[in-house]
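Notes for the one structure printed next.
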Protein chains: 2
Amino acid sequence: VSPVLARRMAALRSSAIRDLLAVTARPEVIGLAGGLPDPNLVPLQRIRDATMRALVTADALQYTETAGLLALREVIADRESAYRPCRVDVADVAVTHGSQQGLSLLAQVLVDPGATVVVEEPAYPGALQVLRAAQARIVTVPLDEDGMRVDLLADLLESGERPVFVHTVSTFHNPRGVTLSVSRRRELVALAERFGFYVVEDDPYGELYYTGRPPEPVAALSDRVIRLSSVSKILAPALRVGWMVAPREIRAAVELVKQGADLCDSRLTQQVVAELLADGPWLDEHVAGLRADYGRRADTLGAAVRREFGDTATLSPIGGGMFGWLEFHDGTDTDALLTAALGRGVAFVPGSAFAVGGGAGAGASARLCFTTNTADRLDEAVARLAAAHDC
Amino acid sequence: VSPVLARRMAALRSSAIRDLLAVTARPEVIGLAGGLPDPNLVPLQRIRDATMRALVTADALQYTETAGLLALREVIADRESAYRPCRVDVADVAVTHGSQQGLSLLAQVLVDPGATVVVEEPAYPGALQVLRAAQARIVTVPLDEDGMRVDLLADLLESGERPVFVHTVSTFHNPRGVTLSVSRRRELVALAERFGFYVVEDDPYGELYYTGRPPEPVAALSDRVIRLSSVSKILAPALRVGWMVAPREIRAAVELVKQGADLCDSRLTQQVVAELLADGPWLDEHVAGLRADYGRRADTLGAAVRREFGDTATLSPIGGGMFGWLEFHDGTDTDALLTAALGRGVAFVPGSAFAVGGGAGAGASARLCFTTNTADRLDEAVARLAAAHDC
């Protein structure tokens, strides 16, 4: 192994979650680990129909524009304009290979080695991977029930920190489940404008709300916000369609970097997504169905945790998204619990996977995904988890 | 615009080809510019059928492994084993989002800023974009009728150059059309083993041969070869399925980087490609058909250039691939010719797009893609080009 390669391998850490998914693919294991939608709630028939329509000619199988098919960018621009004071132009939209690619391209465009980037803690591991690969200096701000502690971010800025951008999973945070409050959204963009950083609003979950509509995106409040989203959670992951809405000069740089990264995405899946996103009545009904189904599962998970764990552990309130955040109060080490849990046939992600440094309390917490499995399976999963905990 | 962003934009150059494609999308322009397969020769019905089979359940729409679907890696490993002395293991195969992503991930894994990388000149522009983004020090070796001048590479190495890797489009070069001879393949891997660099064999065109089968891949000769290929030219670009066969430690690092780059590719298109590549008899007949059709078009282009240009310009012999390389002998500047040609309704890529430094003769040459258009259109395109040249 060459020295460069050895150094790279040491700097990069494999995603604990993706490794866990490979281990837990066995059908007898109930998976609460991955952030996976339930395949049974994917609009299979509608995607089949749209795919067949796209494949009437072979044009859908040709190379397409690096920035994405115009028809898709138009419908994304329409949707992103709905909540903003000014219309989003198609020229400000870039389609990406999932929103993860959007974040990766942004890091290539904005982050020099050693540059400071702020992330929330517990952190979205996909952001950490990108930022470590870019050799960013990662600084964390903790979350509470109202999302990022923007007051602590302000302290960092006052003390001289000058991040290139602040990354936030603003709505139904992964892994923490919380949503940035309206007042903190305003404070965050005020800080961005005052200190000259970008806010990267990573928002794949915002449409999956179960107890009331969340605040409007941070991107509604300032043009210093770079917004990332995706159809992976509302339509299907394998379409691999995400998007970025960003200031024009950043969008242009992202397109240049994407030319080198992979030339372009699939015109076929872009045509399918353009059709589905443009059919507002169908989409509204489909997403309303997801909210109803996933909302019931969130309730099931909460009730099962209360029933099985009582005062031993607490599940945070779930307002939307795909994850519940479980915290043990009895000194349980969730890394050790995972081993026992896998033996009992249930998988989850221990809090340590989301810790940047020595995140306080990470070792006593766990992320539970409630969207992949039915209510019956969720009940069984929590019973298995309790058995693993008690043995 | 921030200083970092301004610096990035200056370092990156947009692909002249992709910009040209945007300009020349008008239907009245005959496109010889893009490296586009003819949509009419894409196996549309077979891809439709395979897509419908894949979409019998929603499993094909879920997230998949970062390294690629096992069934697809198995069939790729089989195909890549056919010409090698030792079997390729599935663990040595990584599926990528087109072979362009393979190259981009490799650069992230192997190239530190300032590291030396050797490319052929005229160069594949997609390689230049990746290497500029990685801040590599790019050193060129010229091509002749037998591919890379490996003797000149040897001189560079003897004089102290120590590249991390040497990139070669070994077979039916883009843009130059030439193929690395058997003896040079042997000399290249001998140098790789002696001086400790990797050979990156970028080979999307090898199966499209029209005048006889090309030599076996360079990867057959040494395990210091990292091989990239793709189905974009033989099945369809929008499937976005490429692959890398690489030494185990590089494959592992590439997988880590890909987790951050885009998590995974589309399971749907991977299932489709796995089915099509596994059906050997069908695939052989399909590719034989492409060879026959594209081979006739290569002949048509050659005859049209002789008829229209006589001794004024020469088209290199075309043994395979998608491109003819046209060289003017009358002092024609092909950048200026492009403007006149677009006025007459024909597009091509001027040689300057493939020049790294001041590539000798680049200004008098042009890349003509003959796969996108029928023979009649190719005749018309060359007539328009001659009219533009003569006016």
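The values are calculated or read from the model by the stated rules, or taken from the named source; none is laboratory data. Because the structure is a prediction, the values reported are computed rather than measured. Here the Cβ is made from the backbone with ideal geometry for all residues, glycine too, and neighbour counts use every protein chain on show. Ligands, DNA and RNA are stripped out before the accessible areas are found, and what is left, the full protein with its side chains, is counted by its heavy atoms. Shrake-Rupley method; radii C 1.70, N 1.55, O 1.52, S 1.80 Å.
The table for this structure:
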{"read-out": "Only one of A:TYR198, A:TYR209 that is among the hydroxyl-bearing types (Ser, Thr, Tyr), open to solvent by 10 Å² or more (accessible area, probe 1.4 Å) and either at pLDDT below 95 or closer than 24 Å to A:LEU36 by Cβ (or both)", "value": "A:TYR209"}
{"read-out": "Hey, A:LEU342 open to solvent by 30 Å² or more (accessible area, probe 1.4 Å) and within 16 Å of A:ILE30 (Cβ to Cβ) or not", "value": "yes"}
{"read-out": "Residues (in contact with a strand residue (DSSP E or B) (Cβ under 9 Å, 6 or more places away or on another chain), closer than 26 Å to B:ALA238 by Cβ and surrounded by fewer than 21 Cβ atoms within 10 Å (Cβ to Cβ)) located in the range B:284-318", "value": "B:ARG291, B:GLY295"}
{"read-out": "Residue in the range A:307-330 that is in contact (Cβ under 8 Å) with a residue 40 or more places away in the chain, among the aromatic types (Phe, Trp, Tyr) and in contact with a Cys (Cβ under 8 Å, 6 or more places away or on another chain) present", "value": "yes"}
{"read-out": "Identity of the residue in the range A:34-63, part of a loop (DSSP other than H, G, I, E, B) and among the aliphatic types (A, V, I, L, M), that ends up nearest to the chain's Cα centre (by Cα)", "value": "A:LEU36"}
{"read-out": "Boolean, B:ASP335 is more than 27 Å from B:LEU235 (Cβ to Cβ), over 18 Å from the mean Cα position of the chain (by Cα), charged (D, E, K, R) and part of a helix (DSSP H, G or I)", "value": "yes"}
{"read-out": "Any hit, the range A:140-157, residues being in a helix (DSSP H, G or I) and within 9 Å of chain B (Cβ to nearest Cβ)", "value": "no"}
{"read-out": "Of the criteria (1) more than 14 Å from chain A (Cβ to nearest Cβ); (2) part of a helix (DSSP H, G or I), which one B:GLY126 fails", "value": "(1)"}
{"read-out": "B:GLY321, sole failed condition from (1) on the phi > 0 side of the Ramachandran plot; (2) surrounded by fewer than 19 Cβ atoms within 10 Å (Cβ to Cβ); (3) not acidic (Asp, Glu)", "value": "(2)"}
{"read-out": "Residue in the range B:189-203 that is within 14 Å of chain A (Cβ to nearest Cβ) and part of a helix (DSSP H, G or I) present", "value": "yes"}
{"read-out": "Some residue of the range A:281-299 being more than 30 Å from A:ASP146 (Cα to Cα), touching a residue at least 24 places away in the same chain (Cβ under 8 Å) and more than 14 Å from chain B (Cβ to nearest Cβ)", "value": "yes"}
{"read-out": "Any hit, the range A:48-68, residues being open to solvent by less than 20 Å² (accessible area, probe 1.4 Å), closer than 29 Å to B:PRO37 by Cα and touching a Phe, Trp or Tyr at 6+ places or on another chain (Cβ under 8 Å)", "value": "yes"}
{"read-out": "Given (1) in contact (Cβ under 8 Å) with a residue 60 or more places away in the chain; (2) within 12 Å of chain B (Cβ to nearest Cβ); (3) more than 17 Å from the chain's Cα centre (by Cα), index of the condition A:VAL164 fails", "value": "(1)"}
{"read-out": "Residue match in the range B:100-108 (condition: open to solvent by less than 10 Å² (accessible area, probe 1.4 Å), more than 12 Å from every other protein chain (Cβ to nearest Cβ) and either over 26 Å from A:VAL42 (Cα atoms) or touching an Asp or Glu at 6+ places or on another chain (Cβ under 7 Å) (or both))", "value": "no"}
{"read-out": "Residue match in the range A:70-92 (condition: among the polar types (S, T, N, Q), within 8 Å of another protein chain (Cβ to nearest Cβ) and more than 30 Å from A:LEU338 (Cβ to Cβ))", "value": "no"}
{"read-out": "Condition met for B:GLY114 (more than 30 Å from A:ARG13 (Cβ to Cβ) and not in a helix (DSSP H, G or I))", "value": "no"}
{"read-out": "Pick from the range A:253-283, criterion outside any helix (DSSP H, G or I) and of a type in the set (Asp, Glu), ranking: most open to solvent (accessible area, probe 1.4 Å)", "value": "A:ASP279"}
{"read-out": "Condition broken by A:VAL88, with the remaining ones in (1) part of a helix (DSSP H, G or I); (2) touching a helix residue (DSSP H, G or I) at 6+ places or on another chain (Cβ under 9 Å); (3) surrounded by fewer than 24 Cβ atoms within 10 Å (Cβ to Cβ) satisfied", "value": "(1)"}
{"read-out": "In the range A:64-83, the residues that are β-branched (Val, Ile, Thr) and assigned to a helix (DSSP H, G or I)", "value": "A:VAL75, A:ILE76"}
{"read-out": "Close pairs (8 angstrom Cβ cut-off, 6 or more residues apart or separate chains): under 18 Å from B:ASP155 (Cβ atoms) in the range B:185-200, open to solvent by 20 Å² or more (accessible area, probe 1.4 Å) and of a type in the set (Asp, Glu) anywhere", "value": "B:GLU187/B:ASP151"}
{"read-out": "Residue satisfying condition, being in a strand (DSSP E or B) and either surrounded by 24 or more Cβ atoms within 10 Å (Cβ to Cβ) or within 13 Å of chain A (Cβ to nearest Cβ) (or both), within set B:ILE226, B:ILE250, B:ILE234", "value": "B:ILE226"}
{"read-out": "Within the range A:167-184, tally of residues that are open to solvent by 20 Å² or more (accessible area, probe 1.4 Å), in contact (Cβ under 8 Å) with a residue 60 or more places away in the chain and aliphatic (A, V, I, L, M)", "value": "0"}
{"read-out": "Qualifying residue in the range B:212-220 (condition: within 14 Å of chain A (Cβ to nearest Cβ), of a type in the set (D, E, K, R) and not in a strand (DSSP E or B))", "value": "no"}
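For (1) among the polar types (S, T, N, Q); (2) closer than 30 Å to A:LEU256 by Cα, each residue gets a yes or a no:
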{"position": "A:VAL95", "(1), (2)": "no, yes"}
{"position": "A:VAL109", "(1), (2)": "no, yes"}
{"position": "A:GLN135", "(1), (2)": "yes, yes"}
{"position": "A:ASP151", "(1), (2)": "no, no"}
{"position": "A:SER159", "(1), (2)": "yes, no"}
{"position": "A:LEU180", "(1), (2)": "no, no"}
{"position": "A:ARG186", "(1), (2)": "no, no"}
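Matching residues to (1) closer than 15 Å to B:ARG251 by Cβ; (2) out of contact with any Pro (no Cβ under 9 Å at 6 or more places or on another chain):
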{"residue": "B:ASN40", "(1), (2)": "no, yes"}
{"residue": "B:ASP59", "(1), (2)": "no, no"}
{"residue": "B:THR66", "(1), (2)": "yes, yes"}
{"residue": "B:LEU69", "(1), (2)": "no, yes"}
{"residue": "B:ALA77", "(1), (2)": "yes, yes"}
{"residue": "B:VAL90", "(1), (2)": "yes, yes"}
{"residue": "B:VAL95", "(1), (2)": "yes, yes"}
